[in-house]
Amino acid sequence: MQPGCTPSTTTICGIFTAYPVAQRVPHGIVFNPHGKITGLWFTNRTTDDTSGIVNFLPRAGKAKQYRTAATGSEPGSINYAPDYSLWFTESGANKVATIGSARVITDFDIPTPHSGPFDITRGPNGNMWFTEMTAGKIGTVAPSGAIKEYAVGAGTQPVDIITGPDRALWFTEAGVKRIGRLTTRGGLRQFHAGSQRLSGGLTVATDNALWFGQESQVGRMTTSGKLTEFDLPSGTYVTGAVFGGKGGGVLIGIIKRNGQGALVSVSPTGPMREYDLPQRYLLPIEMAQTADGAYWMSVLSIKKGASVSTLYNLR
């Protein structure tokens, strides 16, 4: 912790707090800022009858789980819609699903079988947009549940997706080391994203650029496709979540060859600050920010058999 530091919506002091949860595989995480289902939510990405989404109440130390209708649906990422309902992918069930103020889950079948739905985001047109990793497609779902798909190429493996400052959908293509751009009418462009393998993580920062994770670097791309790459701390060999930072730049999850996991704050011009997780062998894979400015994250273990039934909070 920085001496004399007070955590706020604009300051990170480096204080990690661990919150053990009952769910075995927390994955997608989001803070819903408004509406009747406000608060912190995460998915439980299991392949048995415990799969579902969870409303987590940190102050009370309680969690309320809502299970999916399909057993072992393997929920992936979760995000809130313009009306503040929540939408999430179900990789194992090949569906996208939503929960609203009545707290009832409704799911919708994706037309392409075994499409591998993963990440989901709010689009600029009122729909939700999601990646289909296995099918090499981008899908969009209307509030009514109507789904349309756009092919981006076999083997492209689209992972994360986000609406860019230009109101287009941007996504990582981990299978071919590219960043894709798709308009709401289906216009597709693809940009070379460097020589390193992409981790899949992607975000838009306050500098209106796209930031994404590579093996040992973080990339910054403008909406015109101009690429800048920054080396991450020595020993980094895997990256995870990428999330907009305070005052510009991003936070990116990393893990080093010695097993130390961390969040690294990267400024728009490259200077970095590293925040080590209190437990080794854990990689931050999904992130959210609550109204008080705290960053919340789910983690993936690189050590076989290690539990990931914990959410971490960075202030």
Item to check | Of the criteria (1) surrounded by fewer than 23 Cβ atoms within 10 Å (Cβ to Cβ); (2) in contact (Cβ under 8 Å) with a residue 60 or more places away in the chain, which one Ser77 fails | outcome: (1)
Next on the checklist: If I filter the range 212-221 for residues that are at pLDDT below 95 and over 18 Å from Met287 (Cβ atoms), do I get at least one hit?
Outcome noted: no
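If I ask for residues that are in contact with a His (Cβ under 6 Å, 6 or more places away or on another chain) and either closer than 21 Å to Ala294 by Cβ or in a strand (DSSP E or B) (or both), which ones from the range 40-58 would you list?
The one that is in contact with a His (Cβ under 6 Å, 6 or more places away or on another chain) and either closer than 21 Å to Ala294 by Cβ or in a strand (DSSP E or B) (or both): Thr43.
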Checklist entry - Tell me, which strands (runs of 3 or more DSSP E) lie completely within the range 205-315 with 1 or more residues that are surrounded by 15 or more Cβ atoms within 10 Å (Cβ to Cβ) and small (Gly, Ala, Ser)? => result 210-214, 217-221, 236-244, 250-256, 261-266, 282-289, 295-301
Next on the checklist: Looking at the structure I just gave you, is Thr131 modelled with pLDDT of 95 or more and part of a strand (DSSP E or B)?
Outcome noted: yes
Checklist entry - Val54: in contact with a Pro (Cβ under 9 Å, 6 or more places away or on another chain), farther than 26 Å from Arg315 by Cα and not basic (Lys, Arg), yes or no? => result no
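Considering only the range 23-39, state which residues are in a loop (DSSP other than H, G, I, E, B) and closer than 18 Å to Ala294 by Cα. Even if it seems obvious, please write down each step before you answer.
So in the range 23-39, the residues in a loop (DSSP other than H, G, I, E, B) come out as 23-25, 33-38.
Answer for the range 23-39, where residues must be in a loop (DSSP other than H, G, I, E, B) and closer than 18 Å to Ala294 by Cα: Pro33, His34, Thr38.
State whether one or more residues within the range 10-23 are closer than 30 Å to Ile147 by Cβ, surrounded by 13 or more Cβ atoms within 10 Å (Cβ to Cβ) and at pLDDT 95 or above. Quick ask: steps written out before the conclusion?
Initial filter on the range 10-23 (closer than 30 Å to Ile147 by Cβ): 23.
Now narrow it down to the ones that are surrounded by 13 or more Cβ atoms within 10 Å (Cβ to Cβ): 23.
Remaining after also requiring at pLDDT 95 or above: 23.
Looking for residues that are closer than 30 Å to Ile147 by Cβ, surrounded by 13 or more Cβ atoms within 10 Å (Cβ to Cβ) and at pLDDT 95 or above, one finds at least one in the range 10-23, hence yes.
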Checklist entry - Given Asp166, Asp160, Asp119, which one is over 18 Å from the mean Cα position of the chain (by Cα), modelled with pLDDT of 95 or more and among the acidic types (Asp, Glu)? => result Asp166
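Tell me the residue from Gly253, Gly244, Gly186 that is more than 16 Å from Asp160 (Cβ to Cβ) and among the small types (Gly, Ala, Ser), please. Show your work before the answer.
Numbers: Gly253 fails: more than 16 Å from Asp160 (Cβ to Cβ); Gly244 fails: more than 16 Å from Asp160 (Cβ to Cβ).
After ruling out the rest, the residue left standing is Gly186.
Just to be sure, is Gly92 assigned to a loop (DSSP other than H, G, I, E, B), buried (at least 18 other Cβ atoms within 10 Å of the Cβ) and touching a residue at least 40 places away in the same chain (Cβ under 8 Å)? Please lay out each step first, then the result.
Working: assigned to a loop (DSSP other than H, G, I, E, B): yes; buried (at least 18 other Cβ atoms within 10 Å of the Cβ): yes; touching a residue at least 40 places away in the same chain (Cβ under 8 Å): yes.
Judged against the criteria, Gly92 is a match.
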Checklist entry - Counting just the residues of the range 59-69 that are surrounded by fewer than 19 Cβ atoms within 10 Å (Cβ to Cβ) and in a loop (DSSP other than H, G, I, E, B), which one comes out farthest from the chain's Cα centre (by Cα)? => result Ala60
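Filter the range 147-186 down to residues that are assigned to a loop (DSSP other than H, G, I, E, B) and either touching a residue at least 12 places away in the same chain (Cβ under 8 Å) or buried (at least 22 other Cβ atoms within 10 Å of the Cβ) (or both), then give me how many there are.
18
Go through the range 70-93 and give me each residue that's modelled with pLDDT of 95 or more and within 16 Å of Asp49 (Cα to Cα). Talk me through it step by step, then tell me what you get.
The initial filter retains those residues of the range 70-93 that are modelled with pLDDT of 95 or more, namely 73-93.
Within the range 70-93, Ser73, Glu74, Pro75, Gly76, Glu90, Ser91, Gly92, Ala93 qualify.
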Checklist outcome for this item: Filter the range 208-252 for residues that are within 18 Å of Ile179 (Cα to Cα) and among the acidic types (Asp, Glu); the one that is nearest to the chain's Cα centre (by Cα) is Glu215
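The values are calculated or read from the model by the stated rules, or taken from the named source; none is laboratory data. No experiment lies behind these values; they were computed from the predicted model shown. Don't worry about glycine lacking a Cβ; one is built from the backbone with ideal geometry, like all the others, and counts go over all protein chains shown.
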